[in-house]
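Report on one structure; see the data block that follows.
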Amino acid sequence: MSGTTPLSAGPFSGWLREMQLALEIGCGTDVPCGDCVACCSSSYFIHLGPDDQAAKRRIPKELQFRAPGLPKGHAVMGYDEHGRCPMLVDGKCSVYEDRPRTCRVYDCRVFAAAGIADAGEGKEAITRQAVRWRFEFPTPADIRLQAAVKHAADFLRDHADLFPDGFVPPNPTQRAVLAVKVHEAFLEYVDDAGRAKLPAPKQMAQAIIDSLE
Ligand code: SF4
Ligand code: SF4
């Protein structure tokens, strides 16, 4: 499924529901990846949290390193000289059924959802895949929901200085995910055509912070 042809990402509201659930409980997202392995070969450090016991048992100990700045129980796995995860074997994840939560919830459709056209430096293969996704908008609710996610992503990018240090991640993937998490704070300001009339930036920033509490 590699190439440049557009890919169906499905109806937006259905995707958003699944993504929110995945982020909340860590269940897998059902991305129709085909033969793409871009996110497994894009120089990501894979977080292994305390809940990733099955993954930790499968991944050789010598590939697990203490996660900087995080308490005991958190580890990371690096990548090889080509940026590939060491668990990627013959083009497939060799621990797929026990893959870490980070991998289970990764869904490059989040870039298309948030209107972010660049997955970041060194993530060109993901960018190429992410720009292929096309959502469907069968109802006004689908349009409104995506507009809320996009406005959230734009607001976080443009007003990072209004938030506590570290609140807005510099990494485009995490910023897109944060936009999904906080989009509900934007819904009351977005109409069915996707147009937004936002309050003053400081008020909007506070609403975003409150929405996560
Ligand atoms: S980049 Fe997207 S399509 Fe490719 S493997 Fe990752 S999640 Fe699947
Ligand atoms: S553990 Fe599996 S899914 Fe996760 S990055 Fe490695 S190969 Fe990909």
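Values quoted throughout were computed directly from the atomic coordinates according to the rules given, and no laboratory measurement underlies them. Every value quoted in this text rests on a predicted model; they were computed, and no experiment measured them. Glycine gets a Cβ as well: all are built from the backbone with ideal geometry, and neighbour counts include every protein chain shown.
Worth a mention:
- Residue (of LEU16, ALA152, GLY28) at the positive-pole extreme of the chain, dipole from beta-carbon charges: GLY28
- Projected label points at TYR96 and GLN53, each 7 Å from Cα along the beta carbon direction, are separated by 2.5 nanometres.
- The angle between the Cα long axis of helix 201-211 and the main principal axis of the chain comes to about 50°, on a 0 to 90 degree scale.
- Per-residue Cβ neighbour rank within 10 angstrom, fewest leading, CYS33, CYS103: CYS33, CYS103
- Positive dipole terminus of the range 27-130, leading residue within TYR106, GLN64, VAL89 (C-beta point charges): GLN64
- For the range 53-62, putting each phi into the Karplus relation 6.51 cos²θ - 1.76 cosθ + 1.60 with θ = phi - 60° gives couplings of 4, 5, 5, 5, 6, 7, 8, x, 4, 5 Hz, in residue order, rounded to whole numbers and with x for Gly and Pro.
- For the chain, the mean residue ellipticity at 222 nm estimated from helices alone is -11000 deg cm²/dmol, where every DSSP H run of n ≥ 4 contributes -39500 (n - 2.57) and the total is divided by all residues, rounded to the nearest 500.
- Rounded Å value of the spacing that divides the Cα centres of the range 129-204 and the range 30-99: 28
- In Hz, Karplus ³J(HN,Hα) per residue of the range 120-131 (6.51, -1.76, 1.60; θ = phi - 60°; x = Gly, Pro): x, 5, x, 10, 4, 5, 5, 4, 4, 6, 5, 6
- Debye, to nearest 20: dipole size of the range 1-137, +1 on Lys, Arg Cβ, -1 on Asp, Glu Cβ: 260
- ASP30 paired with LEU212, simple spin-label distance in nm, labels 7 Å along Cα-to-beta-carbon: 3.0
- Note on the chain: dipole from Cβ charges, positive end direction compared against GLY194, PRO170, GLY49; the farthest Cα belongs to GLY49.
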